[in-house]
Amino acid sequence: MVRQIKGLGVGLVIVSSEMIVLEKSLRLSFSATNNEAEYEALLAGIAMVQKVGGKTMEMLLDSRLVVGQVEGQLEARDLRMQEYLNQVRYLQSKFESFTLVQVLRSRNTHADSLATFATSSVQSLSRVILVKDLCKPTKMKGDTVRVH
C-alpha cells in the first residue's frame, strides 16, 4: 500500500548559467505520495526555468523512480504517476536540452532543507527571505543594538 500524506514539502534550487540562484519552498496542501511530491518538484522546476526563458535544463533529483520513469528505464504503472510522466514528457519537448540526473539524497541537502522549511513555517503567509553575508561583526553603540 502506498501512503498518501497531506502537507509534504518540496524544495527547489535553480542555478542559472550566470550562477544566479533561485530557491523555492512549496507545501503540498493535498494528499500525495513521496514520488508524487518528487514529480511536483520536477514540474515546478520546469515552470521556473520556463518563466525565466531557459532553453536548457539539467535537474538533479534524489528519486530513482521519477528519473527512471522519465528516462524510460522504469514503467509508470499507477494512473496518477502516468499523468505526471505525460506532463513532464510534454514539457521536456519544449527545451533544446533536458537532462535529469539521479543523485544520492546526501547530495541534495539544499533542496531538502527548503522542503523542510515549507512544512515547518506558518502556513498562511507568503514570504520573502533575504539572506545576506555579514563580513564583519556588528558595531555596538552603547549597550543597544538597533534592529529595523
Taking 0.36 nm per residue of separation between residue 139 and residue 51 and subtracting their Cα-Cα distance, the length gained on full extension comes to 27.5 nm
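For 48, 59, 19, what ranking results if the residue with the fewest other Cβ atoms within 10 Å of its Cβ goes first? Spell out each step's value before the answer.
Numbers: 48 16, 59 20, 19 6.
Least to most surrounded, the residues fall as 19, 48, 59.
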Pairs over 23 Å Cα to Cα, from 55/132; 24/139; 24/51, come to 55/132; 24/139
Which loop-located chymotrypsin sites (Phe, Trp or Tyr not before Pro) does segment 28-91 contain, where loop means any DSSP state but H, G, I, E or B and the Cβ has at most 13 other Cβ atoms within 10 Å? 30
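Only bridges with both residues in segment 5-120 count here: give the DSSP antiparallel percent, nearest 5. Let's see the in-between values first.
On the way: 9 of 15 bridges.
Roughly 60 percent of the DSSP beta bridges within segment 5-120 come out antiparallel.
Just so you know, all these numbers are worked out from the coordinates, no wet-lab data involved. Since we're looking at a predicted model, the values are computed, not measured. Note that we place each Cβ from the backbone using ideal geometry, even for glycine, and neighbour counts take in every protein chain shown.
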